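What follows is a single structure, written as structure tokens, with notes after it.
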Amino acid sequence: MVVNEVHTFRGTWLMYAILMLEMPTLIMMVILWQTGHLGDEGPIAVAVVGSIMVLVFLLIMNIKLQVRLDRYGLAFRNPPFINGWKKFSVEEILEAKVKKTDGMFEYGGIGLRMGRKFRAYIFIADYLLEIKTHKRKYAFSLKDPVLAEELLAEWKEQTSIDS
């Protein structure tokens, strides 16, 4: 059994919220430039602000979380921040559980959350997969928890047989 999940921000309310915040700012910058309130460097200021807005929008649009669970363990990547697959074998995982919570309040919002003792990859989903290793705790958003719970039960059987 294999669980593959891909999470992005494309098509979510977050993308529309960003557009609704950026467009009035850009319109205001163009109006200030056209009325002469930005001085001689008005076109440069509008170009810089517009470029930053486009780059931030494209960055957020390209953030993705890919999680793969199989009988050997967990692998994940989070482009453009973590481009290579980071893998944990079943033996490395001390504890794993699926929780029905979106993780926004527990981990402080959506996106990549980092602390000394935890890493959280929170996207817009209703469930979390929490993994505890020797070094730290990890949290991943899940869309379909049923297969993940079945796989976690298989992991528990596998580790109890191996012990």
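Below are the figures for this structure:
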{"item": "Estimated vicinal HN-Hα couplings, Hz - the range 11-18 in sequence order (Karplus 6.51, -1.76, 1.60; Gly, Pro = x)", "result": "x, 9, 5, 4, 5, 5, 5, 5"}
{"item": "Option label - Rg/Rh (Cα atoms, Kirkwood Rh) computed here, alternatives (1) 0.93; (2) 1.03; (3) 1.16", "result": "(3)"}
{"item": "Listed peptides 97-108, 66-77 by packing density, highest first (mean Cβ within 10 Å)", "result": "66-77, 97-108"}
{"item": "Size of electric dipole in the range 64-162: Cβ of Lys, Arg +1 and of Asp, Glu -1, about Cα centre, debye, nearest 20", "result": "640"}
{"item": "Where Cα atoms sit under 15 Å apart: lysine pairs in the chain separated by 8 or more or lying on different chains", "result": "20"}
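Each reported figure results from applying straightforward, stated rules to the coordinates on display, with no laboratory input. The structure presented is a predicted model; accordingly, all values stated were derived computationally and were not measured. Glycine gets a Cβ as well: all are built from the backbone with ideal geometry, and neighbour counts include every protein chain shown.
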